1. Based on the Kirkwood radius over alpha-carbon pairs, what is the Stokes-Einstein translational diffusion coefficient of region 326-399 at 25 °C with 0.890 mPa s viscosity, in µm²/s?
2. Taking Cα atoms, how many degrees apart are the long axis of helix 428-446 and the longest axis of the chain, rounded to 10 and kept between 0 and 90?
3. Round to the nearest 10 and give me the degree value, 0 to 90, for the angle of helix 319-330's Cα axis relative to the longest principal axis of the chain.
4. Expressed as a rounded percentage, what relative contact order does region 1-84 have, with Cα pairs under 8 Å and six or more residues apart?
5. Using θ = phi - 60° and the Karplus curve 6.51 cos²θ - 1.76 cosθ + 1.60, what whole-Hz ³J(HN,Hα) does each residue of region 270-281 get, with Gly and Pro shown as x?
6. Would you work out which of 291, 383, 401 lies farthest towards the positive end of the dipole of region 286-408, given +1 charges on the beta-carbon of Lys and Arg and -1 on that of Asp and Glu, about the Cα centre?
7. Assuming R0 = 35 Å, can you tell me the calculated FRET efficiency for the pair residue 438 and residue 232, based on Cβ-Cβ distance, to the nearest 0.05?
8. What is the distance in Å between the Cα centres of region 126-198 and region 12-71?
Amino acid sequence: MREQADILIKNCSLMTPQFAILDGQSVAIRDTRIIDMGKAEELQGKYEAKEIVEGKGKLLMPGLADAHTHTCQQFLRGRTLGEYPMVWARILVPFESSLSEKDTYLGAQVSCLEMLKSGTTSFAESGGVHMHKVAEATIESGLRAVITCSTMDMGPFIPDSMKAASPEAAAALIEDLYQSYNGAGDGRIRIWFALRQVMTSTPALMTLMADKAREYNTGLHVHLAEHRDEVSFCLQHYQKRPAEVFDQFGALGPNMLAAHNVVLSEGEIALMKERDVKVVHCPRSNFGSHGFPKTPTLMQHGLSIGMGSDGAAGSSLSLFDEMRVFRSGLHAFWGLPIFDPVVIPAEELIRMATIGGAAAMQIERETGSIEIGKKADLILIDIDQPHIRPTHRMIPTIVESVNGSDVKDSIIDGVVVMKDRQILTMDEERILYESGRVLPDIAVRAGI
């Protein structure tokens, strides 16, 4: 008698945790987890599945983990390219402050659609306004996420609607969100604490957020060393650099997800390694206005590195695009001057976009690689296409040639959420129609 499975992915190619590609494989899923994997003919005779997902001509790989994004900026697409600094202060934060609950919910729905259709299965939301609506949209979509509120309590350019009256008020907002949504969506939603960045945080806020994250045994999401203005501010006010300031107030630690990390000193890198901080790069955002991070040095120090899209304001949410741009940028900046063509290997880029992002979200024991016992957060890529095959080596081809539109099927928490590029959890046509209809009004209210 055959064993029962919820899903059997049949006869696919499969990416192992060591980035080998195995052909003719099948994977059995039950109760949200991978329970078996191996040769297709062996598993087909072993399991009786409620649902069969055809894998012929497809590559099964871990779902991508977008470890830093802004769903509240989804309706800013096309608005920030070519703008002078400081974009986040002049455009991003004021725009977020103008959003209604309905705007936030609809923008989050569009974000979820875009992520699902480009291979992302989990994401870290760094906070905006009305975050309960982001949580609701995420639950509906089937995605896995860590979500927080944008926390700021100083800065002359911060709108009053986004500036906390006190550190305690900022903490209370996140605690309310935690009580309502942590563990929601069958455990797919986790609520974190946050600090938008050093320049908008008083010492009291930095200290309290770090303390609260430890108290709740959860993460702390921050922007760190994103641009030179941040470094200048810290040197002027604290006579220390950004990472050192966070460390001074007890925030730097293994539960910190630090986004961007462009203008880090050698001393900060060593300190972050000592504190086991999780680094996240946002390649297109960083290259567009901030610079080239010291990623080779970070890798040599053994820091955990993830990858993020930084939201749709300046680009898409596709991590496949991020990988490709990141490889080209780092090769040009760090590799060409010293004739090093492998300054960042293809395997490392895929690691950053999968298990690296999962580690940043503190879920690497649950997801981020295809292994028995892990959550079934998986995507299937159509590799039977002339821009992908034939190929001598599939891993470099994934980095250089695969697009988000090549993702055909997506499974999250053991549930098929996209099949043959059709989203099964959300009404894509209605959401896109409504978002197009409200965009002009949002722009008028935001003054953009």
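None of the figures in this text is laboratory data; all of them are computed from the coordinates on show. Please read these numbers as outputs of a predicted model, since none were measured by experiment. Please note: Cβ atoms are built from the backbone with ideal geometry, for glycine as well, and neighbour counts cover all protein chains shown.
1. It comes out at roughly 171 µm²/s.
2. Between helix and principal axis, roughly 10 degrees.
3. 70
4. Over region 1-84, the number comes to 34 percent.
5. 4, 5, 5, 5, 4, 8, 6, 6, 9, 8, 10, 9
6. About the Cα centre, the residue reaching furthest to the positive side is 291.
7. Working: r = 39 Å, r/R0 = 1.10.
Approximately 0.35, to the nearest 0.05.
8. 33
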